[in-house]
Structure formats: structure tokens, C-alpha cells
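Some notes on the structure that comes next.
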Amino acid sequence: MILTKLSILNYKNIAQADLSFSPGINCFIGQNGEGKTNMLDAIYFLSMCRSSFSNIDSTTIRHDADFMMLQGQYEHEDGTPEEIYCGLKMGQKKVFRRGKKAYKRLAEHIGLIPLVVVSPSDSELISGGSEERRRFLDIVISQCDPAYIDALLRYNKALQQRNTLLKMEDAEPDPELLSLWEEAMAREGEYIYQRRVYYVEQLIPTFQQYYNSISSGAEQVGLRYISHCQRGPLLEVIQRDRHKDRAVGYSLHGIHKDDIEMTLGGYPIKREGSQGQNKSYLIALKLSQFDFLRRTVSNTTPILLLDDIFDKLDATRVEQIIRLVSGENFGQIFITDTNRDHLDQVLSHVQGEHKLFHVKGGTFTT
């Protein structure tokens with residue numbers, strides 16, 4: 001999938017922009033806070049129906065404005081055009097349209113324009129809590145399996161209802177009603193678990209291959225998926241400690257507690273990794289995510305967003321990453337950096353089309 005044109009009104013610090021892009025590499029150069037990342041976030045929004053930074057849509061509307069608008073012109077790999085529109089007014093629900101038709105459910109849009117973003121906030125995958133790592137799984141699986149999104153929604157609804165019952169103070173919760181929600185959690189949770197297991201198994205070989213390329217084989221890395229489903233049938237696991245859940249007022253077991261163990265040299269990377277190793281690990285993880293989507297989402301090459309990825313990397317690792325993303329496995333790429341030398345180095349490896357944009361105060365010039 002290729003983004004050919006993008007129109008923006010009042011998105012964060014971008015008052016207005018109408019840009020045409022290269023089908024190859026598009027670079028954005030500028031100081032921090034000028035709007036480079038906001039541009040990438042607008043592209044992310046059109047794919048994922050939300051900002052990559054917040055679940056609160058109103059935070060994307062520019063200060064002193066009461067609405068924002070995004071409109072993207074795309075081309076499928078067979079040349080078929082695609083137009084996606086998003087409009088959001090303060091205090092109202094956002095509207096997404098494909099062509100002239102509005103979506104009834106935004107979940108129907110996820111996966112149409114597959115996308116992977118690599119950004120400084122990825123550091124939370126290593127340093128943050130397990131919810132960050134579950135979100136990493138959910139974002140990519142949702143783009144290739146619409147049933148996964150629905151299963152997540154149903155699981156979360158059942159979890160919320162069970163937790164409401166567990167919090168009751170004036171009376172004991174109805175055991176039949178508890179069982180009903182537990183059965184729903186187990187049914188949806190088992191499906192989610194199986195999809196996550198498959199994804200992590202598919203990810204590991206490619207992830208290790210990418211890391212070896214970036215680090216020149218300097219270290220060994222690993223991933224291991226951890227879930228309560230591995231203790232036996234999920235319904236039994238959930239119901240086994242119902243009395244403990246009642247005591248604390250929430251559900252202690254289920255796929256909402258799943259995690260990924262990330263290792264470097266056989267030890268937790270959170271404890272062992274340097275800044276450069278952590279960044280190499282995360283970039284390899286995201287590039288393997290890209291490879292997975294490319295192979296699974298109707299054989300469509302995803303859009304790749306690289307936000308300030310070269311910071312804290314030595315020259316050798318920068319060179320290896322540039323060689324990787326300049327290869328034939330990648331399609332349209334959007335890169336931001338404050339360092340013109342990095343971008344010149346990227347473009348020196350590019351045989352096909354490319355564009356360079358200068359960014360200042362939310363304005364973009366070529």
C-alpha cells in the first residue's frame with residue numbers, strides 16, 4: 001500500500017498541510033517539536049483510527065481549533081486507488097469514511113492499510129509494564145485478523161462485568177452470573193491466546209535474524225510468551241481462585257495478565273541491555289513485525305514509519321539498519337530525524353524515488 005497524498009487540517013501543531021509523497025523513502029528533517037512526529041502520527045491515525053500516543057481523540061485537535069481533518073489518497077499494489085477520510089469535531093465522535101461510505105464500526109477499517117511504526121516510545125516495551133507488551137501483540141494481530149479485535153472486545157467486556165460483580169460490597173455476587181462472565185472470558189481468552197502464540201512463534205526467527213544483522217552477531221536475543229493459559233484450561237484457572245479475586249475486587253487471572261519475556265544473552269534485557277542494545281532490540285522487533293504483516297495481510301507491503309530511530313546507535317548499527325530498510329523487502333517508508341547527515345546517508349543507499357521535507361512550526365517544505 002502506498003500513500004500518495006495527504007491533506008491535514010488542525011492536527012496537533014499542523015494547521016494545514018497538503019503533501020504528495022514518494023512511493024519510496026520520504027524524509028522529514030527538523031528540530032524537535034516542529035511537527036515531524038505529528039506528521040507520522042497523522043499517517044498512523046488514518047491506518048489505526050487513533051493516535052499512537054493517546055486514546056483521547058480530542059488531544060489531536062490543534063489548540064484554539066474545534067475540529068481536525070485528515071484525508072489520505074492511497075494506491076493498492078495493483079494500482080487501485082483508495083481514499084480514506086477522518087473528521088473529528090470537539091465533543092463529537094470521529095467519522096471515518098472509505099471513499100464516500102462511512103464505517104459503522106471502526107474495527108472494519110483496521111488492516112486495510114497495514115502499518116508499522118518505530119519510535120522512541122517503543123522503549124516502554126522494555127521498561128514499561130506488561131500492558132505495553134500486550135498492546136504490541138494486539139496492534140499487529142488486529143491488522144491481520146478481524147476476528148481477533150472482536151474477541152478482544154468481548155473478552156474485555158466480560159472482564160469488566162466480572163470485576164464489577166467482584167467489587168460488590170453490599171451483597172455476595174450471583175454465582176451463576178459470575179460463571180456466565182467467566183465462561184465468556186475463557187472462550188474469548190483461549191482464542192486470543194492461540195493467536196498470540198502463533199504470532200510470537202512466527203516472529204522469533206525473523207526477529208533474531210534482524211537483530212543479528214543490526215548487531216553484526218554481537219549478542220543473542222530471545223522472546224518468550226507467558227500466559228495463564230499455559231497452566232491449563234483457562235476457565236479452570238479463572239475459577240480456581242475466585243475467592244482471592246473476590247477479596248481483592250478484580251480478576252487476577254486471564255489473558256489480560258499475559259506478558260512477553262524479552263532476553264539478551266539469556267537474561268532479561270530490562271536489566272542487562274545498554275541503550276544501543278535496547279534500541280537495536282526494539283528496531284529488530286518492529287522490523288520482524290513488518291515482515292509478519294507483509295506475509296499475512298493479503299500480501300500487501302505495509303507502510304513503515306521510522307521516527308528518530310538513529311539516536312543512541314553507533315555508526316555500525318546505523319549503517320546496518322540503513323542497508324536493511326533500503327532493501328527490496330520494504331515499500332514506502334517515512335523517516336524523521338534532526339540530523340541531516342543520517343538522512344543523507346539513508347538517501348545515498350536509495351536507488352528509486354525519494355523526497356526530503358524540511359519541517360518548521362508545523363509547516364512542510366521541499
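Remark: spin-label model distance Asn163-Ala107 equals 1.8 nm, labels positioned 7 Å along the Cα→Cβ axis. By its C-alpha gyration tensor, with a ≥ b ≥ c as the square roots of the eigenvalues, how is the stretch 1-40 shaped: rounded for a/c under 1.5, else prolate for a/b larger than b/c, else oblate? Oblate is the answer for the stretch 1-40, as a/c is 1.5 or above yet b/c matches or exceeds a/b. Remark on Thr4: its backbone amide H falls under 5 Å from those of Gln73, Tyr74, Glu75, a criterion applied only to residues 5 or more positions apart or on other chains, H modelled at 1.01 Å from N.
Spin-label model, Lys5/His63: points 7 Å from Cα along the beta carbon direction are separated by 3.2 nm. Can you pick out the pairs among Lys5/Lys100; Lys12/Lys100; Lys270/Lys312 whose Cα atoms lie more than 21 Å from each other? Over 21 Å apart, Cα to Cα: Lys12/Lys100. For the stretch 1-119, the alpha carbon convex hull comes to 112 Å³ per residue, rounded to a whole number.
Neighbours of Pro23 by Cβ distance under 11 Å: Lys/Arg scored +1, Asp/Glu scored -1, total -2. All C-alpha pair distances within the stretch 124-296, sorted into 5 Å bins from zero, spread as 1, 8, 16, 18, 16, 13, 10, 8, 5, 3, 1, 0, 0 percent across the bins.
Bridging of Lys89 to aspartates and glutamates at a Cα separation below 16 Å is possible for Asp57, Asp64, Asp66, once same-chain residues fewer than 8 apart are set aside.
P(r) tail, the chain: Cα-Cα pairs separated by more than 28 Å, 49% of all pairs. Neighbours of Gln71 by Cβ distance under 14 Å: Lys/Arg scored +1, Asp/Glu scored -1, total +2.
Among the GluC sites (Glu not before Pro) found in the stretch 129-176, those both in a DSSP coil and sparsely packed, with 11 or fewer other Cβ atoms within 10 Å of their Cβ, are Glu169. Using a 7 Å offset from Cα along Cα-Cβ at Asn212, what residues in the stretch 306-331 end up with backbone N under 14 Å from the label point? From the stretch 306-331, the list is empty.
Counting DSSP beta bridges in the stretch 218-366, what percent are antiparallel, to the nearest 5? That works out to approximately 75 percent antiparallel.
Every number here is computed from the coordinates shown, using simple stated rules; none is lab data. This structure is a prediction, so every number in the text was calculated from the model and none was measured. Methodologically, a virtual Cβ is constructed for each residue, glycine included, from the backbone with ideal geometry; neighbour enumeration extends over all protein chains shown.
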